[in-house]
Amino acid sequence: MNLGNGEQERNASSRQWQVAPDSEIFLTHWNNEEETVLYHLGSGDTYLLNDLARRVILILQETPASAIDICDRIGFCLGVISQQEKIKLLENLLTDLLKVDVVRFQYR
């Protein structure tokens, strides 16, 4: 099914992201939380996270959220780019985390 750009944007903004319920993940921080490693118990894989990824995972461990909700909470750390660019950046990060089975989404 091929969606038009408007439909894709609506669907992306209505995605409710959460840490994958069946994924056991562990975060370790050092250097005043400047460096974070995520260990995924199910796959045995380890990932070095940037600050943005760390913040997003910590938010999603508290409660499911859309990219818009996440942007409202931590958008300040993304600099002076537009709100739309921030949301696109977060959607790309969330998609990367989805690929390694750290997060999942459902539509609201």
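Filtered by the rule that a residue be in contact with a strand residue (DSSP E or B) (Cβ under 7 Å, 6 or more places away or on another chain) and either polar (S, T, N, Q) or closer than 17 Å to Ile74 by Cβ (or both), the stretch 39-56 gives Thr46, Leu49, Arg54.
Across the stretch 77-108, the qualifying residues are those that are outside any loop (DSSP other than H, G, I, E, B) and basic (Lys, Arg), and the one among them that is farthest from Ser23 (Cα to Cα) is Lys86. For the stretch 51-76, filtering for residues that are buried (at least 16 other Cβ atoms within 10 Å of the Cβ), at pLDDT 90 or above and either of a type in the set (Gly, Ala, Ser) or not in a helix (DSSP H, G or I) (or both) leaves 5.
Looking at the stretch 47-82, which of its residues are touching a Phe, Trp or Tyr at 6+ places or on another chain (Cβ under 9 Å), under 14 Å from His29 (Cα atoms) and aliphatic (A, V, I, L, M)? Hit for the stretch 47-82 is Ala53, nothing else.
The values are calculated or read from the model by the stated rules, or taken from the named source; none is laboratory data. The model shown is predicted, which means the values in this text are computed figures rather than measured ones. Please note: Cβ atoms are built from the backbone with ideal geometry, for glycine as well, and neighbour counts cover all protein chains shown.
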